[in-house]
Amino acid sequence: TRYWIGLREQGEECLQHVEEALASTPLPSGPSEDEERSEGQLILIAGRAAAIRAYYALTNEEAPRAQEMAQRALRYLPEEDYMRGMAALELGGAHWGRGDVVAAQQAFTEASATAQKCGYRFLAVSAACYVGMQQAKQAQLHEACETFREALRLATGPGGRRLQLPAAGFPSVKLGDLAREWNDLAAASGHLVRGVELCIQWGQADILSDAYVALARLQLAQGDLEGAFETLQKAARLAQRTKVDPWVACWLDDCRLRLWLSAGNLAAAVRWAEGSGLRVDGELSFLHDLEHINLARVLVAQGTRQPSWAYLDEALGLLHRLLIAAESAGWINEAIKILILQALALKARGGTEEAIAALARALT
């Protein structure tokens with residue numbers, strides 16, 4: 001960790017020098033070829049600096065700043081520049097963090113197309129997977145499946161499975177997660193086992209953590225609580241060593257809670273809630289994938305197992321806010337989860353008809 005912190009500090013210092021030099025260097029005003037070339041080089045450097053700034057802002061969870069810098073980079077960088085793909089990827093992350101699923105999907109689509117033009121296949125595959133993830137959020141699962149298959153084709157050479165890049169692990173994991181959604185657990189297992197193997201080879205922390213979470217979801221669906229626990233331990237150790245995407249951290253917590261509650265360990269779930277820093281009236285975060293859904297899950301469990309209307313009332317108030325946020329973002333996948341939790345809380349409070357209405361809406 002100290003090594004990477006040192007590298008980042010050095011990078012920040014270099015970036016500041018570049019920005020200071022750009023600020024003190026007037027753009028050429030004449031029509032000569034040399035001056036036009038010099039102006040183009042300055043614009044290119046400014047664009048790349050903005051792309052790096054966008055990356056830093058996104059890792060610091062500053063979505064508005066990331067959006068501003070990424071858009072600046074896209075204005076400056078030419079179509080054929082490889083960092084344009086990175087800037088578009090960061091713009092997609094910024095839109096994700098601001099709850100605009102359509103804009104996020106468009107930005108990730110541009111990132112994948114740009115990376116393919118530049119021959120940057122790893123980035124093209126990752127960006128395509130992020131496109132599919134936005135489609136899944138909108139409950140467009142068949143479209144997402146085709147997008148993940150296309151990403152897998154991008155990561156596969158003419159020799160087929162034998163010539164897959166490690167980046168093929170990302171779409172393999174996503175295809176496995178979709179197969180689990182469709183209850184094809186055998187297909188899900190095939191995709192996920194292969195996907196995790198490739199993600200380990202790749203060594204990209206965010207994507208490997210995502211892979212472990214998807215595998216744990218499958219193990220929970222299979223009733224393999226011990227296997228899910230071991231998989232989540234691997235993900236937790238990885239997340240302790242390096243900062244992972246905030247939405248992946250949210251999914252990791254979701255799996256932990258499902259595991260504890262499946263095992264009847266309400267006390268562990270409550271300890272997590274108490275130490276999470278989340279509050280019922282706290283600000284909701286799209287960048288953290290509406291992580292307050294996890295808090296609502298604990299409150300519903302407390303209210304139904306203890307039982308207590310106080311917990312259920314808190315849960316229902318929070319779930320109402322979450323449903324508005326999910327629907328405003330176009331996150332149908334999350335809206336379904338929220339409605340199911342609403343139905344459980346309403347049923348526990350004796351509101352059977354209201355619970356049925358919430359379930360009917362979720363099914364619709």
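The values are calculated or read from the model by the stated rules, or taken from the named source; none is laboratory data. Computed from a prediction, not measured in an experiment: that's the story for all the values here. Here the Cβ positions follow ideal geometry from the backbone for every residue, glycine too, while neighbour counts run over all protein chains shown. Side chains included, ligands, DNA and RNA excluded: accessible areas come from the protein's heavy atoms. Shrake-Rupley method; radii C 1.70, N 1.55, O 1.52, S 1.80 Å.
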Q: Scan (1) touching a residue at least 40 places away in the same chain (Cβ under 8 Å); (2) assigned to a helix (DSSP H, G or I); (3) surrounded by 21 or more Cβ atoms within 10 Å (Cβ to Cβ) for the single condition LEU319 breaks and write down its number.
A: (1)
Q.
Out of the residues in the range 346-364 meeting the condition of being open to solvent by 30 Å² or more (accessible area, probe 1.4 Å) and under 24 Å from GLN138 (Cβ atoms), tell me which one is farthest from the chain's Cα centre (by Cα).
A. ALA357
Q: Could you tell me whether any residue of the range 330-345 is in contact (Cβ under 8 Å) with a residue 12 or more places away in the chain, charged (D, E, K, R), over 28 Å from GLN105 (Cβ atoms) and open to solvent by 60 Å² or more (accessible area, probe 1.4 Å)?
A: no
Q: Examine the range 206-224 for a residue that is out of contact with any Gly (no Cβ under 9 Å at 6 or more places or on another chain), under 21 Å from TRP331 (Cα atoms), at pLDDT 95 or above and open to solvent by less than 30 Å² (accessible area, probe 1.4 Å), and state whether such a residue exists.
A: yes
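Listed here are the residues, each with its yes/no results for (1) touching a Ser or Thr at 6+ places or on another chain (Cβ under 7 Å); (2) open to solvent by 40 Å² or more (accessible area, probe 1.4 Å); (3) aliphatic (A, V, I, L, M).
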| site | (1), (2), (3) |
| --- | --- |
| HIS95 | no, no, no |
| ALA103 | no, no, yes |
| LYS117 | no, yes, no |
| LEU123 | no, no, yes |
| GLU146 | no, yes, no |
**Q.** Subset of the range 272-299 (residues that are more than 23 Å from LEU218 (Cα to Cα) and in contact with a Phe, Trp or Tyr (Cβ under 9 Å, 6 or more places away or on another chain))
**A.** PHE286, LEU287, LEU299
**Q.** Selected residue (criterion: surrounded by the fewest Cβ atoms within 10 Å (Cβ to Cβ)) from residues of the range 288-315 that are in a loop (DSSP other than H, G, I, E, B) and at pLDDT 95 or above
**A.** HIS288
**Q.** Boolean, ARG256 is modelled with pLDDT of 95 or more, basic (Lys, Arg) and either out of contact with any helix residue (DSSP H, G or I) (no Cβ under 7 Å at 6 or more places or on another chain) or within 23 Å of GLN140 (Cα to Cα) (or both)
**A.** no
Q) So which of GLU62, GLU80, GLU68 ends up being open to solvent by 40 Å² or more (accessible area, probe 1.4 Å), modelled with pLDDT of 95 or more and farther than 16 Å from ALA127 by Cα? A) GLU68
Q) Just checking, how many residues over the range 258-299 are free of Cβ contacts under 8 Å to residues at least 24 places away in the same chain and among the polar types (S, T, N, Q)? A) 2
Q: Report yes if ARG271 is open to solvent by 60 Å² or more (accessible area, probe 1.4 Å), of a type in the set (D, E, K, R), touching a Leu at 6+ places or on another chain (Cβ under 7 Å) and more than 24 Å from TRP96 (Cα to Cα), otherwise no.
A: no
Q) Are there any pairs with C-beta distances below 6 angstrom linking a residue in the range 242-253 that is closer than 16 Å to VAL173 by Cα to a residue that is in a helix (DSSP H, G or I), with the two at least 6 apart or on different chains, and if so which? A) VAL248/ASP206; VAL248/SER209; VAL248/ASP210; TRP251/VAL213; LEU252/VAL213; LEU252/ALA235
